[in-house]
Amino acid sequence: MIKRASSESYRFPASNACFHGLGIAVIGAVPGFVPRMLVDPDVGLFRADERVFTAMLDGCRAQMLARGLTTQTIKQRCQLLERFQQFTGEFPWQWRPADVDDFLAGLRSGEKPISLKTLRSYSNAVAMFCSYLTYPGYGWGEFCERTFGDIPSQICLN
């Protein structure tokens, strides 16, 4: 059990992680791993795709926090990932390289195009999330294959 106390805390409901300011408290789990509630065969998952995506974001938050990223950076990246998921209408185990290309092209060519610097930071955020999901140590690939019949992959190729 890892625990750092602080006056402010927020529990992410789909995971075992509790964020305290810039610290993290984990109760019976390692940050970033597939939460126990998702792998318990006695627990059925209502709207499994949404619950798993939320747990993935929670785990990614924990990993970014452990790497020393600021809470503002973490919040912005997770918001971007949620926007990307809404854009595709799919979940990470269904995402393809064309999805990120279409998403970024739309942002770059819209009424108010994003800068190249912003485009690269968005692409980097998606790439890092995909790297997190595809790292075997966290167990998301195996879990998604067993649960959904597909696995997350790296979709940012350049």
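The values are calculated or read from the model by the stated rules, or taken from the named source; none is laboratory data. These numbers were taken from a predicted model, which means no experiment stands behind them. Cβ atoms come from the backbone with ideal geometry, glycine included; neighbour counts cover every protein chain shown. With ligands, DNA and RNA removed, areas are computed over all heavy atoms of the protein, side chains included. Shrake-Rupley method; radii C 1.70, N 1.55, O 1.52, S 1.80 Å.
Here are the numbers:
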quantity	calculated
Gained length - Thr73 relative to Ser131, 0.36 nm times residue gap less alpha-carbon distance	19.1 nm
Gain on full stretching of the segment that runs from Asp150 to Asp101 - 0.36 nm per residue minus C-alpha separation	15.6 nm
Radius 11 Å from Cβ of Thr73, net charge of other residues (Lys, Arg +1; Asp, Glu -1)	+4
Charge context of Thr134, other residues only, Cβ under 15 angstrom, K/R +1, D/E -1	-2
Cut-off 16 Å (backbone N to label point 7 Å along Cα→Cβ of Asn124), residues of region 69-88	69-78, 80-81
Accessible surface, region 88-134, averaged per residue in Å² (probe 1.4 Å)	53 Å²
DSSP-assigned coil residues among GluC sites (Glu not before Pro) in region 58-158, each with at most 10 further Cβ atoms within 10 Å	Glu111
Chain lengthening between Glu142 and Glu111 when straightened (0.36 nm per residue, less Cα-Cα)	7.1 nm
